[in-house]
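For reference, the structure discussed in these notes is given below.
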């Protein structure tokens, strides 16, 4: 029995975990459950997806069982980008523009801060 790997973004709920059971005889009502210690607030990283057997008829004793964990990867959400805004100025008049800063790989989500080693923030004009 093997748990499938899965991915999700930080602060999201875990996806429905799946996997595969091979070698069962027809009529043996053995199914799988999957658990993972990661919660919505778990930091970015990897977590084990642990398979378990549900065997209401106690048929598991007829098999050699090999449980293989999967991996849940908790990732940063995609980068948030804001396109530049158009501005107009009268010839001979003053033009004003804003300066924006882009921070890479540093997020505050639901009041919780998460970051990883990354380049310093960059400023564009």
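If I go through segment 25-47 residue by residue, how many of them are in a strand (DSSP E or B) and either within 13 Å of the chain's Cα centre (by Cα) or loosely packed, with under 11 Cβ neighbours inside 10 Å (or both)?
Final tally of qualifying residues: 4.
Could you tell me whether segment 55-65 includes any residue that is farther than 14 Å from residue 10 by Cα, touching a residue at least 40 places away in the same chain (Cβ under 8 Å) and either part of a loop (DSSP other than H, G, I, E, B) or within 27 Å of the chain's Cα centre (by Cα) (or both)?
yes
Rule-based calculations on the coordinates, nothing more; no lab input. Not measured: the values here are computed from a predicted model. Cβ coordinates were reconstructed from backbone atoms using ideal geometry, including for glycine residues, and neighbour counts include every protein chain displayed.
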